[in-house]
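See structure below.
Taken together, the values in this text are just the output of simple stated rules run on the coordinates, not laboratory data. All values derive from a computational prediction rather than experimental measurement. Quick reminder, even Gly has a Cβ in these numbers, built from the backbone with ideal geometry, and neighbours come from all protein chains shown.
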Amino acid sequence: MNIAEPTSAVQTVYLNDYQQPAYWIDKTELEVDIYSGETFVRSRLTMRKNSSIEGAQLDLHGEGLELLEIAIDGEPLSEERYVQGPSVLSLTPETEKFVLETKVRIEPEQNTSLEGLYRSRTMYCTQCEAEGFRKITYYLDRPDVMSDFTTRVSADKSRCPVLLSNGNLVEAGSLDNGRHFATWHDPHKKPAYLFALVAGDLAKVEDSFTTCSGKQVALEIFVEEKDLGKCDHAMQSLKKSMQWDEQTYGREYDLDIFMIVAVDDFNMGAMENKGLNIFNTSCVLASPTTTTDAGFQRVEGVVAHEYFHNWSGNRVTCRDWFQLSLKEGFTVYRDSEFSADMGSRTVKRVEDVSLLRTHQFAEDAGPMAHPIRPSSYMEISNFYTLTIYEKGAEVVRMIANLLGPELFRKGTDLYFERHDGQAVTTEDFVRAMADVSGRDFSQFDNWYNQAGTPELTIVDAYDENAREYTLTVSQYTPATPECAVKKPFHIPLRMGLIGEAGELALTLADEIAEDLPEDNTDRVLEVTQTTQSFVFHNVPEKPVPSLLRNFSAPVKLKYDYSRDDLCAIVMRDSNGFTRYEAVQSLCMAAINDAMAAGEGGRFVLDERLPRVYRSLFAQAELDQAMFAYMLTLPAEGYIAEQQSEIDPQAIYQARSKVKSALAQALAGELEQTYRALSVDVEYSADAESIARRSLKNVCLSYLMDQPSDATLELCKTQFETATNMTDEIAALTAMVMSENAKAQAAAAVALSDFYVKWRDEALVVNQWFALQARNPAAGGLKRVNDLLQHEAYDSSNPNKIRAVIGGFCGGNTPNFHSLGETPEQGGYAFLAQQIQQLDAKNPQIAARLLTPLTRWRRYAPAYSQAMRSQLEALLEMPSLSPDCYEVVSKSLA
Ligand code: PHE
Ligand code: ZN
């Protein structure tokens, strides 16, 4: 055998270089024999030359594999017939059709990257997306190679009584030496990234679902025995998802069995492997005493998301990884609509938009900015981003809204039908939408190909004599790494006009009032040019424009609202989203006042904000969940996005000042509401009960800002007597986050009681870790280092890493952004050290933790300089992973 030179430099992959594979793999037969410490994988690939590609060389992907045998059509290959590099095995077969057999040895127990086959507590499991299958066997590990898989797994019967893979079980039985086997066949062709295998000591919960055509599907959730009582919510969510996808998209499930396995060590939330979804325990287990309401909602959303992938991702998959948003953006849109249908639509919209604006906008303004269909990458794992997922979903949402529900459904029907069993591109998706509607979506390409968040600046003018109202809309998108000058986007701008007595009828210049529908107060303007004017006729008074209703496009809206305008929107707009938005803008104005006053300066809260809140407290019909969000000040990340230069400590201080001022101004209302909502009601996880708890606990967090002794007692009582995790941890959080000395003292006691109570519940301990990591009190660096030494910490468990290191760096401004006396001190140095240690074990997680440092250019000089020097030090590391190399080098470029 020849050994190829290792390629040391990290390679960039380009969309424009896409070529079909030289070979297809019609059939994949695997035998995976698991032993303690080593696993043997035998693979039989039935291959066929792709006649449209010239050249007969076959380059198989493979990483960290010990090749034991290789044969073509039963003939062992002599060593001069193949070349083995660090990540490819090349050979030149002599016939167009042949069977390639290999046998490799791997060591799952040593696999800390959590990609490929690895061990997590009591089980062996796999994670193959995006390029993990090559760590299991030699293969064409690319999504356009779709194959029929048969998998025979064998292992020790007592250590691994459960043996699972994709598809349907075809055979199982005993073997010698206390071993047994199971053979699974998946009748649907799929790419290797959807392969999965699980072997371990697991218990299961069973149920079933009858599909619309009357087929009975077995539903099974596999967990560790101790967690059997926490599967009910996931099971209910799964059944709701199956039904919803039939009703909403006409999509029926296509195997006899659907399995979910819960794994403790997992890099992401969950994975949609065909018929065998693998979930992070945090996204599947739920019980009222251990899981918050947000946790319940996350389980429902993630179960739905993975289930929906069965069609949007599995039946129709991606041609290459540049098309990732084809499955992720669409599936996030689908799960978001599902959640909206299960709970409150406006509330779900507010949650999605907050996530997008706080985190995706920052990504779009930083060095890792990329279009939802990128044109190059170094490490695909770095592209599972808020842009691909959340912005991708916004783009699908714009298409769905432009088409309306019936046409959109026709479009998705056509897409699924036309491309069933294929690996396709985002263009194929848009083409289906254009074909059913006759609409021209060519300008929509810009949403797929250009990064950056458009700024939509709107100015208005009212001509009293002509009774004409003009909105002039201009768009500008700042430069991003891949492209400096942007072509204009096609932006649907949903709007209305608010008059003194209510909303005004909308008649554009070329319209005749009689032709318009009776309820004509809501409209989508299609902005397609750099600057464009819309003239409304018969406007009886100067209105306040209600703009970007429901956040109809992922843009930054710039319109110079006065505070009185905003008050008018809060009180009179019919659109729930815009009302929420107006309250947030009033909060932003107050935060800006506090920032302008400076650290020691006198800050007076503009009385319009508490006045608006008072009137909202009095509105009995207002959705309590909505009101809870309205009462929540904009997140620091969102505030940072509005600044030309970020001073994190100033933002934190200003936000705290506004919170304190509001707590004081609204003390009466807050306490009254808190008490009214605290009366004992039986725990339930429906939308109304969740809303009630969320409003109650927002009130509590204000009340705990400077609590009286009586208030502190209320909070302690809630903590001690709570019958559900939402109320319990909300009270604990209110104590920990309060700057008040008595509250902090109470927090210390409560934190240690909480640990004693919950030490055996890993997911609760994670919440406990995250809360302490976020504690803003002085001395945070010492505390976070202590947490890393805690008996319950585990430096190879991603959930623990995210809770402690992620919690500290992403949610503890006063301490993370403390600079320290020397460059080796301070929060940034702490993060860089942690990344350095983690990178050797789990590069994907290490690269993700880098995010806060990548934003260095946006910060005030002292912060910026300190972040940059940590990045420079990381770049010097000799063994930096490709994952981290890409993020660090692009950040410094
Ligand atoms: N495809 C998964 C999802 O979004 C996410 C994932 C990506 C999981 C890569 C693991 C690895 O549903
Ligand atoms: Zn997904």
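Quick notes
- Value of D in µm² per second that Stokes-Einstein yields for the range 1-201, Kirkwood Rh from Cα pairs, at 4 °C (1.567 mPa s): 74
- Centroid-to-centroid separation of the range 749-815 and the range 551-625 [C-alpha atoms, Å]: 34
- Loop sites in the range 723-813: trypsin sites (Lys or Arg not before Pro), DSSP, at most 14 other Cβ within 10 Å: Arg759
- GluC sites (Glu not before Pro) restricted to DSSP loop in the range 1-94 with at most 11 other C-beta within 10 Å: Glu54, Glu94
- Percent RCO, i.e. relative contact order, over the range 1-201, from Cα pairs under 8 Å lying at least 6 residues apart: 22
- The range 749-884: C-alpha gyration tensor shape, a/c 1.5 cut-off, then a/b vs b/c: oblate
- Qualifying GluC sites (Glu not before Pro) in the range 793-886, DSSP loop, other Cβ atoms within 10 Å at most 10: Glu821
- Rounded if a/c under 1.5, otherwise prolate or oblate - the range 633-692, Cα gyration tensor axes: oblate
- Considering all C-alpha pairs of the range 316-449, those separated by over 19 Å amount to 50%.
- Each Lys and Arg contributes +1 and each Asp and Glu -1, all at the Cβ; summed about the Cα centre of the chain, the dipole is approximately 1080 debye.
- With both residues required to sit in the range 1-201, DSSP beta bridges show an antiparallel share near 90%.
- When only Cα pairs below 8 angstrom with a gap of at least 6 residues are kept, the chain shows a relative contact order of 8 percent.
- Using a simple spin-label model with pseudo-atoms 7 Å out from Cα toward Cβ, Asp156 and Gln19 lie 4.7 nm apart.
- Cβ-Cβ distance of Ser78 and Arg44, R₀ of 22 Å, FRET efficiency by 1/(1 + (r/R0)^6): the value works out to about 0.65.
- Taking a sphere under 10 Å around the Cβ of Glu720 and counting the other residues whose Cβ falls inside, with K and R at +1 and D and E at -1, yields a net charge of -1.
- Of the cross-linked pairs Lys486/Lys890; Lys274/Lys348; Lys391/Lys556; Lys230/Lys391; Lys542/Lys659, those separated by over 23 Å at the C-alpha level are Lys274/Lys348; Lys230/Lys391; Lys542/Lys659.
- Note on the range 53-127 and the range 856-893: Cα centroid distance 35 Å, given to the nearest whole angstrom.
- Counting neighbouring beta carbons within 10 Å and listing from fewest to most, the residues Asp201, Asp17 come out as Asp17, Asp201.
- For the range 700-780, the spherically averaged projection of the C-alpha convex hull amounts to 4.9 nm².
- Antiparallel content of DSSP bridges confined to the chain, in %, to 5: 80
- Hydrodynamic radius (Kirkwood) for the range 544-673, which is based on Cα pairs only, to one decimal in Å: 15.4
- Three-way shape label, the range 457-605, alpha-carbon gyration tensor, a/c 1.5: oblate
- When both the range 214-270 and the range 438-464 are represented by their alpha-carbon centers, they are found 39 Å apart.
- Neighbourhood net charge (11 Å Cβ-Cβ; Lys/Arg +1, Asp/Glu -1) for Glu427: +1
- Charge dipole magnitude, Cβ of K and R +1, D and E -1 - the range 316-449, Cα centre, debye nearest 20: 220
- Stokes-Einstein diffusion coefficient of the range 640-782, Kirkwood radius over Cα pairs, 10 °C, 1.306 mPa s, in µm²/s: 98
- Estimated FRET transfer efficiency (Asn538, Ala484; beta-carbon r; R0 35 Å; 0.05): 0.20
- Between amide H atoms placed 1.01 Å from N, distances below 5 Å from Ser120 occur with Cys125, all of them 5 or more places distant or on a separate chain.
- Size descriptor, Kirkwood hydrodynamic radius, that averages inverse alpha-carbon separations across the range 243-350, Å: 14.6
- Counted by neighbouring Cβ atoms within 10 Å, the residues Glu129, Glu96, Glu101 run from fewest to most as Glu96, Glu101, Glu129.
- A simple spin-label model places pseudo-atoms 7 Å from Cα toward Cβ; at Leu414 and Ala650 they are separated by 5.2 nm.
- Range in the chain, longest, excluding exposed chymotrypsin sites (Phe, Trp or Tyr not before Pro) [loop by DSSP; at most 15 other beta-carbon atoms within 10 Å]: 19-682
- From the Kirkwood radius over Cα pairs of the chain, Stokes-Einstein at 37 °C and 0.692 mPa s returns a whole-number translational diffusion coefficient of 112 µm²/s.
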